Amino acid sequence: MNRKHILIVGGTGMLAELTSYLAIEQDVTVIGRDKEKMASIVQRNPETCHPLIVDYREEEALSNALQRAVKQRGPFDRVIAWVHRGSGRAMQLILNHSENSEVIHILGSRANPEYEKRCLCLNAQQTYRQVQLGEMHEMASVRWLTHDEIVKGVLDAMQNQDDYRLIGTRKDDVNVHSRND
């Protein structure tokens, strides 16, 4: 079988189930900081889930870890990155080590998708997509998305190859919005 090499940044928290799901049939390199959470994720698929315990805000450590992963398992075919705002050059470093990848950049609810994309240097071999996290309106209340809703939204965006997908709502938007430009 020809396995793809997938990088998941933030794959031990809200994306933990996505990490486990993708590692069933693919090689998944997962970046996280918490050793206990990482061990829990890796034990589900120990043959295909490969840990990189690193704080992505530490640029040199991140770059070195990504280089090791590519050297060990080959280039990343897909990158799924939940990188918090204010993380310095982390997202750009990830892109620099993912030259021929499909990149799915997960954005927080307050991020400006156009601005986020303009801040990055993408090459012609990269496919860049965005998944933005919104909120859920239920009767008279508003709540954050559950981890399951986030995972489902990211999987849907991957399957449909949306350039942009909003999970939930953002102000006056409809429930799930996608755009293919």
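Structure summary
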| read-out | value |
| --- | --- |
| Reachable lysines from Lys117, criterion Cα separation under 29 angstrom, eight or more residues apart if same chain | Lys4, Lys71, Lys152, Lys171 |
| Net charge dipole size for the chain [Lys, Arg +1 and Asp, Glu -1 on Cβ; Debye, nearest 20] | 300 debye |
| Amide H contacts of Glu102 (H built 1.01 Å from N, under 5 Å, at least 5 apart or other chain) | Arg78, Val79, Thr127 |
| Kyte-Doolittle mean at least -1.0 and Cα axial length at least 15 Å: DSSP H helices in the chain | 59-73, 147-160 |
| Rel. contact order, % - alpha carbon contacts under 8 angstrom, at least six apart, the chain | 16 percent |
| Global form of segment 1-157, assessed from the alpha-carbon gyration tensor, a/c cut-off 1.5 | oblate |
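Where a number appears in this text, it was derived from the coordinates with a stated rule and is not lab data. From a predicted model like this one, the values you see are computed outputs, not experimental measurements. Note that each Cβ is placed from the backbone with ideal geometry, even for glycine, and that neighbours are counted across all protein chains shown.
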